[in-house]
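S.K.: Take a look at this one; I'll ask things after.
The values are calculated or read from the model by the stated rules, or taken from the named source; none is laboratory data. Quick caveat, the model's predicted, so the values are computed rather than measured. In this analysis, Cβ positions are derived from the backbone assuming ideal geometry, glycine residues included, and neighbour counts consider all displayed protein chains. The area values use the complete protein model at the heavy-atom level, side chains included, leaving out ligands, DNA and RNA. Shrake-Rupley method; radii C 1.70, N 1.55, O 1.52, S 1.80 Å.
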Amino acid sequence: MKKFNIRKVLDGLTASSSSSAPAAPGSRDSELVQESLQSEHFQLCKTVRHGFPHQPSSMTFDPVQKILAVGTLGGALRLFGRSGVECYCQHESGAAVIQLQFLINEGALVSALADDSIHLWNLRQKQPAILHSLKFNKERITYCHLPFQSKWLYIGTERGNIHIVNVESFTLSGYVIMWNKAIELSTKSHPGPVVHISDNPMDEGKLLIGFECGIVVLWDLKCKKADYRYSYDEAIHSVAWHHEGKQFVCSHSDGTLTTWNVRVTAKPIQTITPHGKQPKDGKKPEPCKPILKVEYKTTRAGDAFMVLSGGLSYDTVGRRACLTVMHGKSTAVLEMDYPIVEFLTLCETPYSNDVQEPYAVVVLLEKDLVVIDLGQIGYPIFESPYPLSIHESPVTCCEYFADCPAELIAALYSVGSRQKRQGYSKKEWPISGGNWGQGTQSYPEIVITGHADGSLKFWDASALMFQMLYKLKTAKVFERPRSKEDKPSTELVEEDPFAIQTLSWCPESRILCVAGVSAHVLVYRFSKQEVTTEEVQMLEVRMQSDLSDVESPEPAGDQTPTLPTPGAASSSPQEGEPPLQAATGSTPSDPPRGNVPCLQVRGSPLKQSPGYQLDLVVQLVGVSGEPPQQITSLAHNSSYGLVVLGNSGGLAVVDYLQRTVLLNMGTSELYTPSDPYQRQPRSPRKTRHPSGALCDGNDGPTASEDRCKSPTSDAKDSSFSRSRSSSVTSIERESREVISSFHFCETFPRKVTEGGPGPCLMVGTSQGAVLLLDLSLPPVADQRLSQPVGVSSCGTLVRLKGGVMTMALLDAAGALLPPAYEPWYDPNASDEDKEKERSRRRGPTSPAASQEGGVADGQYAVVCLEKQATVVAMPSQTAVFKHNITESSFVLRADVVQMAASNCIACFCANGHIMTLSLPSLRPLLDVNYLPLTDMRIARTFAFSNLGQALYLTSPAEVQRITYSQETCDNLQEMLCELFTPVETPEAPNRGFFKGLFGGGAQSLDREDLFGETAAGKASRSLAQHIPGPGGMEGMKGAASGVVGDLARARIALDERGQKLGELEERTAAMMASADSFSKHAHDMMLKYKDKKWYQL
């Protein structure tokens, strides 16, 4: 084989990372491992973002393309189409999006920001880009309006003026409507900001302008004067037209709706207070809260719809936000779960001068998106196809699994489909635009999120999609305290006591282990059949370090439990451990108050639906009124039937098949007498939990660290050391060794070994030590349930700088040796089916044990810590490679992942760097300064997966997915969805013969003659600054420039000309038919009366 030279060793080296070098130069075998991964296999980029837009602020809808756009306070844009069609964009300034306007059916979007800038987005490309920007310097933007099929955008400002922008060139017109010309000259006060702009549906030359003070002006664009002025003594929030252009409705700050006739300015023709109490004496109703928005939509078959938000009575304190739907004489008040940000009524036609025919209302809430069906009785909501429920309860942990078994997604979907709510609308989801991507990435991907309410959600993340498959509620295992007095005094977390801390999942065996913040572990098995568990099986574990803390700061030798030797009977409960018991609420001899678990397991029968069903509960028990330490690490192995959990006090190994505790020891007792047991005091700073740190989604880093820390950790931090005195200093408190990670494997437990590798458990600590435990399983698989499992300590494998983050095992050729697993079988199947499965699955073999010449070829143990990574040869236990990952920061998340038919270490550091290291030589392959740690949420939820995928929660409600694979980056364009699809614009409403003949119906306006440079001149250069956008190669009407844009505009102009010629031809034919009919009738009259005298008539 080809040996490494110095150039390959330094390949991919960056300035911020130290080069790796063999720790044992004499080891020649490790240098002969051929590695296929090179730096050109890696590239980091964002892929897609899922979830609900964080802090939404505005919304708009394209009724032809069927695309919904949502803007946020952080300057983000989220676009939604059919299920699986999502897109994320971001304004560089980060200013809040105050309004959005689609260029309907043009593949373009205008956004107005709080920094007084407007931007034109090209949506005809898979990654939308800004084509033009315009930054106002002297006036603040308050409202925008873009008429359908117009290229002139009206901009209302805080000073009350209206400016007009050409969206083709994004330049200002010289035509300006000044506030002092719009209002009456006799008015002495300023009318306030512009809160509404719209053109008359039947006359494009008439512009309706609403000012905040209560004045509404109908402006004649051609004559440049106000035709009518309407005044009301309450502030205006919104205005809505009737489609015939003869009436409009205003919503006011006192909860009233005023309906105005266009030609009657003295007073409104109707004034109502939808939620006001009507006094019996006929006086004005009591004022209500402001009606923030109203929409007036007509129907052909019946009464019009009036939809409004706000306007509730002031005496409804504490009532949730409501949307009111008024249809004829009926009024429906729909309560929402969160405050309403914006709503839109979806109609059949994009033309404002046609009968609207509303069919749905899209309601944007602070934390949800609801679509209401107006066509069914009771106004049911549509079932959302988007993954908007990620934040239903705050996410506390996240795991990402790529290349899962193919049948797993179907199995989870099958059981999850039974959990869906009933009562949804039977119609199809109305936001149905866009097309899916055509990517080649077809391997199954699953994401599991743990939440503060104790629930877990399984998501299908395949092919850049994100759909919820199944939801598991762990809180139903426990009794819920009804009041504060009922809560146990040992409760670790007063809020969210069921929150998920960490989890361990085996996709092959489908066994799930979950650790919660109340120091409990739940073991679940997957079954397709419903079952009722009469008694919940439970184990209580008192950590030995906690017991020794109470008895003495210097535990005597006889109080230190001894490790079982291989083959010895170790299945009996340890001294001080209660035996297995059912959850009956109490035991015959209750322990003293305080020596109880943090949560009480329910005593009634537990009905378990198909899906994940509880098999065992393991609870750590507090001592002398003090709660147990939170669990910091968790792992299980389905082949061995073991689950192991660790915290700052030690570890416990549980046999979940025999329901026994095999090992329960403090960390210090794991070291053998020959180990150089030395610890260096660490600097007095906040304890960093390498994994499982839990904090509230809204807390900052300081608050999160305080919450992650156990309330009693400072009181007992000196008890682990035999030689320590009972006095504890601040530095000594930080030196407690926490169990930080586990890894089940089949390796050589000792340096000198006879035979091949055997089952082992690697234990990593926060002090950089990796310990080996030898597991002795019954030689015959059928004896597994009757014979005990032995556990013995083999001492320290390695000790380096920083806490241990992850561990793995490689064979002599550098291939990953995954832990042995047991194929899945249904635990509730019939005995015959279960026996078939049992015979097929019994005796699983580890890849390590099945290799030829395993002992001669050896293995490599991979250990990644907060600061360093090392590769140790087995069984000699000599370090062959070592690499300093970072000096000034520390690793937050590290995983050994499969990549391009090889393996590497992927790391995410607190300074924002994402790195990959080759295996086994630890060559740096990728080092990108991606994302500085600004929120503990990122550290808690960042997860790597195989095949170059990763994700994290970028906000409390949004998941950001990234890739570090060059192949995925190259194929990303094909994998992304398309927002714009060619759709013909619906035909304009037919005006009818008589309206066309006598000049009725909608009046068109040539805005170019009014707003163009020839007629209106140029605007002041100091008013706004034009900024060319960075992107967009595809042309569009009113946006693109060059030959493509010219051709598009010419084609559209020809279509419009042809349409007008067609309309003219129809009108001419109708006039000719009318003339012929008139001639015929005149001729008949002449024949009837030609021979009669005048007196005979």
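S.K.: Would you list the strands (runs of 3 or more DSSP E) that sit entirely within the range 82-151 and hold 3 or more residues that are within 30 Å of W241 (Cα to Cα)?
M.R.: Correct list: 97-103, 108-113, 117-122, 141-145.
S.K.: Another one. Please find, among A411, A402, A406, the residue that is in contact with a helix residue (DSSP H, G or I) (Cβ under 8 Å, 6 or more places away or on another chain) and not basic (K, R).
M.R.: Result of the check over A411, A402, A406: A402.
S.K.: OK, next. Is there a residue in the range 369-380 that is open to solvent by 40 Å² or more (accessible area, probe 1.4 Å) and part of a strand (DSSP E or B)?
M.R.: no
S.K.: Can you tell me which residue within the range 628-656, out of those that are over 20 Å from W824 (Cα atoms) and open to solvent by 10 Å² or more (accessible area, probe 1.4 Å), is farthest from the chain's Cα centre (by Cα)?
M.R.: Out of the qualifying residues, it is S648.
S.K.: Related question: What number goes with the only condition from (1) free of Cβ contacts under 8 Å to residues at least 24 places away in the same chain; (2) more than 15 Å from M306 (Cα to Cα) that Y232 does not pass?
M.R.: It is condition (1) that Y232 fails.
S.K.: Given the criteria touching a Lys or Arg at 6+ places or on another chain (Cβ under 7 Å), open to solvent by less than 30 Å² (accessible area, probe 1.4 Å) and modelled with pLDDT of 90 or more, does L539 qualify?
M.R.: Answer is yes for this residue.
Each row is one residue, and each column tells you yes or no for (1) of a type outside the set (V, I, T); (2) in a loop (DSSP other than H, G, I, E, B); (3) in contact with a Cys (Cβ under 9 Å, 6 or more places away or on another chain).
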site	(1), (2), (3)
E746	yes, no, yes
V752	no, yes, no
C760	yes, no, yes
V763	no, no, no
L771	yes, no, yes
L775	yes, no, yes
P779	yes, yes, no
D782	yes, no, no
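S.K.: Among V653, V643, which is the only one that is modelled with pLDDT of 85 or more and in contact with a His (Cβ under 6 Å, 6 or more places away or on another chain)?
M.R.: The unique qualifying residue is V643.
S.K.: Of the residues P279, P285, which single one is in a loop (DSSP other than H, G, I, E, B) and either surrounded by 18 or more Cβ atoms within 10 Å (Cβ to Cβ) or in contact with a helix residue (DSSP H, G or I) (Cβ under 9 Å, 6 or more places away or on another chain) (or both)?
M.R.: Only one candidate passes the filter, namely P285.
S.K.: Further, regarding this structure: Taking the condition of being aliphatic (A, V, I, L, M), at pLDDT below 85, outside any strand (DSSP E or B) and open to solvent by less than 30 Å² (accessible area, probe 1.4 Å), how many residues in the range 570-617 meet it?
M.R.: 1
S.K.: Are there any pairs, at least 6 apart or on different chains, whose C-beta atoms fall under 7 Å, with the first in the range 527-543 and under 26 Å from C598 (Cβ atoms) and free of Cβ contacts under 8 Å to residues at least 60 places away in the same chain and the second of a type in the set (K, R) and surrounded by 22 or more Cβ atoms within 10 Å (Cβ to Cβ), and if so, which?
M.R.: Listed pairs, sorted by first residue: none to list.
S.K.: Quick check on A813: is it part of a loop (DSSP other than H, G, I, E, B), touching a Gly at 6+ places or on another chain (Cβ under 7 Å) and either among the aliphatic types (A, V, I, L, M) or modelled with pLDDT of 90 or more (or both)?
M.R.: Against the criterion (part of a loop (DSSP other than H, G, I, E, B), touching a Gly at 6+ places or on another chain (Cβ under 7 Å) and either among the aliphatic types (A, V, I, L, M) or modelled with pLDDT of 90 or more (or both)), A813 does not qualify.
S.K.: Any residue in the range 311-318 that is surrounded by 12 or more Cβ atoms within 10 Å (Cβ to Cβ), touching a Lys or Arg at 6+ places or on another chain (Cβ under 8 Å) and in contact (Cβ under 8 Å) with a residue 60 or more places away in the chain?
M.R.: yes
S.K.: Run L512 past the list (1) open to solvent by 10 Å² or more (accessible area, probe 1.4 Å); (2) modelled with pLDDT of 95 or more and report the number of the one that doesn't hold.
M.R.: (1)
S.K.: Does E407 satisfy the condition of being crowded, with 16+ Cβ neighbours inside 10 Å and acidic (D, E)?
M.R.: no
S.K.: Here's a follow-up. Applying the selection to the range 618-652, what residues are among the aliphatic types (A, V, I, L, M) and either more than 12 Å from C598 (Cβ to Cβ) or in a loop (DSSP other than H, G, I, E, B) (or both)?
M.R.: If the condition is that a residue be among the aliphatic types (A, V, I, L, M) and either more than 12 Å from C598 (Cβ to Cβ) or in a loop (DSSP other than H, G, I, E, B) (or both), then V618, V623, L634, A635, L642, V643, V644, L645, L651, A652 are the ones that fit.
S.K.: Okay, next question. Tell me yes or no: at least one residue of the range 863-872 is touching a Leu at 6+ places or on another chain (Cβ under 8 Å), within 26 Å of V644 (Cβ to Cβ) and at pLDDT below 80.
M.R.: No, because not a single residue in the range 863-872 is touching a Leu at 6+ places or on another chain (Cβ under 8 Å), within 26 Å of V644 (Cβ to Cβ) and at pLDDT below 80.
S.K.: So for the range 430-441 (the condition being open to solvent by less than 80 Å² (accessible area, probe 1.4 Å), in contact with a Pro (Cβ under 8 Å, 6 or more places away or on another chain) and not small (G, A, S)), does at least one residue qualify?
M.R.: no
S.K.: Which residues, counting only those in the range 1024-1048, are crowded, with 16+ Cβ neighbours inside 10 Å and at pLDDT 65 or above?
M.R.: Listed by number, the residues that qualify are A1024, G1029.
S.K.: Moving on. Being open to solvent by less than 10 Å² (accessible area, probe 1.4 Å), at pLDDT below 95 and not small (G, A, S), is that true of even one residue in the range 106-123?
M.R.: No, that holds for no residue.
S.K.: When the residues of the range 740-756 are narrowed to those that are farther than 20 Å from S633 by Cβ and open to solvent by less than 30 Å² (accessible area, probe 1.4 Å), which ends up modelled with the highest pLDDT?
M.R.: It comes out as E746.
S.K.: Here's a follow-up. Evaluate the range 341-354: report whether one residue or more is over 22 Å from L146 (Cβ atoms) and open to solvent by 40 Å² or more (accessible area, probe 1.4 Å).
M.R.: Looking through the range 341-354, none of the residues is over 22 Å from L146 (Cβ atoms) and open to solvent by 40 Å² or more (accessible area, probe 1.4 Å).
S.K.: Additional query: Consider only pairs whose beta carbons are under 8 Å apart and that are at least six residues apart or on different chains; among these, list those whose first residue lies in the range 783-807 and is on the phi > 0 side of the Ramachandran plot and whose second residue is open to solvent by less than 30 Å² (accessible area, probe 1.4 Å) and of a type outside the set (D, E).
M.R.: Close Cβ pairs satisfying both conditions: G795/Y671; G795/L771; G795/L772; G802/G768; G802/L865; G802/Q868; G802/V891.
S.K.: From the set of residues in the range 885-920 that are touching a Gly at 6+ places or on another chain (Cβ under 9 Å) and among the small types (G, A, S), which is most open to solvent (accessible area, probe 1.4 Å)?
M.R.: By that ranking, first place goes to A900.
S.K.: Now for a separate question. If M336 satisfies every condition in (1) under 23 Å from S955 (Cα atoms); (2) touching a residue at least 40 places away in the same chain (Cβ under 8 Å); (3) hydrophobic (A, V, I, L, M, F, W, C); (4) open to solvent by less than 20 Å² (accessible area, probe 1.4 Å) but one, which is the exception?
M.R.: Condition not satisfied by M336: (2).
S.K.: What number of residues within the range 921-949 satisfy the criterion of being more than 23 Å from A901 (Cα to Cα), open to solvent by less than 10 Å² (accessible area, probe 1.4 Å) and either outside any helix (DSSP H, G or I) or aromatic (F, W, Y) (or both)?
M.R.: Residues flagged as more than 23 Å from A901 (Cα to Cα), open to solvent by less than 10 Å² (accessible area, probe 1.4 Å) and either outside any helix (DSSP H, G or I) or aromatic (F, W, Y) (or both) within the range 921-949 amount to 1.
S.K.: While we're on this one: Within the range 454-470, does at least one residue satisfy the condition of being closer than 23 Å to A519 by Cβ, open to solvent by 10 Å² or more (accessible area, probe 1.4 Å), out of contact with any His (no Cβ under 8 Å at 6 or more places or on another chain) and modelled with pLDDT of 95 or more?
M.R.: No - not one qualifying residue is present in the range 454-470.
S.K.: Here's another thing I want to ask about it. Kindly establish whether T273 is at pLDDT below 95, open to solvent by less than 30 Å² (accessible area, probe 1.4 Å) and β-branched (V, I, T).
M.R.: yes
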